[in-house]
Amino acid sequence: MSRKNNDKKDKKDLNKTVKRIVANFKPPEQITASQWADKYRRLSPENSAEAGPWRTSRTPYLKEIMDAFTDPKVRRIVVVSSSQIGKTEMLMNMMAYMIDNNPGPAMFVLPTVDIAKDTSKRRIAPMIRDTRPLKNKVSASKSRDADNTLLKKNYPGGMLTITGSNSAASLASIPCRYVFGDERDRWAKDAGGEGDPWGLVEARTVTFYDYKMVETSTPTIRGSSAIEKSFKTGTQEYWSVECPHCHEYNFIEFEHIKYTAHTIGEGREKGFVVDTIEYACPLCGCISDERTIKKQPQKWIAKNPEAIKNGTRSFWINAFISPWMSWGKIILKFLEAKGDPQKMKTVYNTLFGKLWDEQTEVMDEDSFLKRREVYKAELPEGVLCLTCGVDTQDDRLEYEVVGYGLERKDWGIEKGFIFGKPSDDEVWERLDRILDKRWKFENGKGIKISITFVDSGGHYTQEVYENCSKRRFKNVFAIKGGNKEDIPFVSPPSKVKIMKRGVVVGTTSLFVLGVDSGKEKIMSGLMLENDEVHRHHFPLNEDKGYDEDYFNGLLSETKVMVDTSRGRKWQWKKLPGHNRNEALDCRNYANAAYKVLNPNLEVLFQRIHDIKNTKPKRVIKKQRQQERFTDNDW
């Protein structure tokens, strides 16, 4: 056959091949993210109580958010939400849709690398396994495959990098068409000295004209919340419900919920029962029940619709519209948190979906001077145990003995000074008189201090170590303060060496305290004090040390937002006219000692009041064996 005939045959075969390819070609499905999720996404049993096919109809408020991801006009999506809403699964749906339909280099950023690793194993890997289109495109993680590891998922057309906001190397080195940021308010303020993590990942998108950035978070503190700032740049949409009476749409907030409740039990066994729950429309005032409201028409209403011109849509939702959280459950959490600022902050952020207002206003010491009470004895009725906090200065020890009782009540018992250098034995012998004293009630009975925390900062660290070690049988422990954001109020103790003239002479236990966390608890509690809430008591008795100087020191600091080289953050600053803060430190140390002690107050109440215990001994034994180092509030 001639070469010319061969060329004709090859051309004819090529045309047939092209026609066959064109005839069999199927373009990518033109569906939205919510439609894709309904068709392909399966919830994994490891992460969902409703494992199986995803149903957008179960969470209708997520439909428009997911579909915004496929809207070419939208470049940024901001979601502020409470817990129990499904926002993490929403992010998973967006990522899955992207991998299957419009792939590109992507980054999923979480607060820390450790959380990123856990999320990859616990959420992303099961999603890939159980969602058929992903299973065919994303291969399993292999230690020898650099493209498919725990924190890297390779697929045709791109790679998903999973990392933490504290990893500057990951944030600043990978070009990204898609960025997914979860729990933005819990991100690091600074990524390894490289600056704001969100700014770093934003810079990775500049080469992509069709980039998408999605950030979600539960809100935290008003004024310092990153997600709050991002929300304000967008359309500011709220998921709103139609009132069955006036037919106007409103965003449901806790202030609109009316309820009645009563208490059951006492002390640690105290609980609440919610009797009635109703919704009062903020516009017409008409009452509806929860079942009716949750069946009413609902939709997103934007307060700043013009922001769509800038390509940013922002959404705000709370737990009142969650299919998994009843209003009764939310109210119970609120009632259980009342009077405890830390627990109340959690309720506001994770259930109400509201920003928490840090109370930074200056308190007036005169109001606390007027609120002092006359104690009829050294220990007023209600005190069940005592702790002592000791602050170390170059020329003295300052101490405060504090009593604690049921319902988170506390009493200042005695604030005093022991003058002399902390290196002198006499100073510690005088402290022993305080620690060994049996403090008396009006009826003549008495109790001793159960535990004492002594500050080891300053110029006499080794002397504090040595003297605390000598008094360990009295539960006297050295402490060291830390003020980093991630330090808990009290950490488990470590062993430290006691040095004398350069020689190790022994060891002692050292507790590390999150002093900022402790100060926040004190100040938040004091700010709640009023005629109805009165949990912190101080003696009017002149010889007890609770004078104007004491309250000047107790109220000597306030929390303010400051600009630092690593971004904006909250810091405690001394107020003008408040020269000393030892009273605040002593109370902080005494509270920390009480947290470590973690006493069973019901048992102490029975002992002090000679009440015969009617509970089986094995129950009390179990209560005494409670874990001592927990995050339960003191």
For Rg and Dmax of the Cα atoms in Å, the listed values are (1) 30.8, 124; (2) 25.4, 82; (3) 38.0, 121; which was obtained by calculation from the structure presented?
-> (1)
So what is the relative contact order for the range 365-624, in percent, with contacts set as C-alpha pairs under 8 Å and at least six apart?
-> 22
Which of Ala33, Met66, Val402 sits farthest toward the positive end of the charge dipole of the chain, with +1 on the Cβ of Lys and Arg and -1 on the Cβ of Asp and Glu?
-> Ala33
Cβ-based exposure ranking for Met523, Met94, in which fewest neighbours within 10 Å come first = Met523, Met94
Going through the range 378-430, which chymotrypsin sites (Phe, Trp or Tyr not before Pro) have at most 15 other Cβ atoms within 10 Å and a DSSP loop state?
-> none
With a/c under 1.5 counting as rounded, go ahead and sort the range 365-624 into rounded, prolate or oblate using the C-alpha gyration tensor (a ≥ b ≥ c being the square roots of the eigenvalues; past the cut-off, prolate if a/b is larger than b/c, else oblate).
-> rounded
In the range 230-293, what trypsin sites (Lys or Arg not before Pro) fall in a loop by DSSP, with at most 16 other Cβ atoms inside 10 Å?
-> Lys270
In nm, what is the difference between 0.36 nm times the number of residues separating Cys286 and Asn136 and their Cα-Cα distance?
-> 48.6 nm
Could you pull out every residue, at least 5 positions away or on a different chain, whose amide H is within less than 5 Å of the one on Thr507? Hs are placed 1.01 Å off N in the peptide plane, and Pro or chain starts have none.
-> Ile498
Here, GluC sites (Glu not before Pro) of the range 35-98 satisfying both criteria (DSSP loop; at most 15 other Cβ within 10 Å) are Glu46, Glu50
Counting only the backbone N, which residues of the range 95-109 are under 13 Å from the spot 7 Å out from the Cα of Thr207 toward its beta-carbon?
-> 105-106
Note the full-extension length gain between Arg186 and Glu255 as 0.36 nm times their separation in residues minus their Cα-Cα distance, in nm to one decimal.
-> 22.2 nm
Output the antiparallel fraction of DSSP beta bridges having both residues in the chain, as a percent to the nearest 5.
-> 60
Could you check the simple spin-label distance between Glu266 and Phe605, using points 7 Å along Cα→Cβ, in nm with one decimal?
-> 0.5
Computed over the chain: relative contact order in percent, which uses C-alpha pairs under 8 Å that are six or more apart = 11
Per-residue ³J(HN,Hα) for the range 303-313, Karplus 6.51 cos²θ - 1.76 cosθ + 1.60, θ = phi - 60°, Hz, x for Gly and Pro = 8, 9, x, 5, 5, 5, 5, 8, x, 10, 10
State to the nearest 20 debye the size of the charge dipole of the range 365-624 about its Cα centre, where the only charges are +1 on K and R beta carbons and -1 on D and E beta carbons.
-> 1640
³J(HN,Hα) across the range 116-126 via Karplus (A = 6.51, B = -1.76, C = 1.60, θ = phi - 60°), whole Hz, x for Gly/Pro?
-> 4, 5, 5, 5, 4, 6, 8, 10, 6, 4, x
Counting only DSSP beta bridges with both partners in the range 365-624, the antiparallel fraction in percent, to the nearest 5, comes to 70
Spin-label point model (7 Å from Cα, Cβ direction): what's the Val273 to Arg535 distance in nm?
-> 2.5
Mind giving me the nanometre distance, one decimal, between the label points for Ile487 and Phe473, set 7 Å out from Cα along Cα→Cβ?
-> 3.2
FRET efficiency (Glu306, Glu248; Cβ distance; R0 30 Å; to 0.05) is 0.85
Dipole magnitude of the chain about its Cα centre, charges +1 at Lys/Arg Cβ and -1 at Asp/Glu Cβ only, in debye to the nearest 20?
-> 4260
Listed residue (His245, Gln342, Trp428) projecting farthest to the positive dipole end of the chain, Cβ model | His245
Determine the gain in length on full extension of the stretch Lys295-Ser326; use 0.36 nm per residue of separation and subtract their C-alpha separation, reporting nm with one decimal.
-> 9.8 nm
Footprinting exposure proxy for Tyr178, Tyr249 (fewest neighbouring C-beta atoms within 10 Å first) | Tyr249, Tyr178
Going through Lys445/Lys519; Lys73/Lys229; Lys470/Lys519; Lys299/Lys333; Lys189/Lys345 one by one, the pairs whose alpha carbons sit over 31 Å apart turn out to be Lys445/Lys519
Helix-only mean residue ellipticity at 222 nm for the chain, each DSSP H run of n ≥ 4 adding -39500 (n - 2.57), per residue, nearest 500 | -8500 deg cm²/dmol
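Read-outs: derived from the displayed coordinates by stated rules, not from any lab. Note that the coordinates shown come from a computational prediction; the quantities given were computed from them, not determined experimentally. Cβ coordinates were reconstructed from backbone atoms using ideal geometry, including for glycine residues, and neighbour counts include every protein chain displayed.
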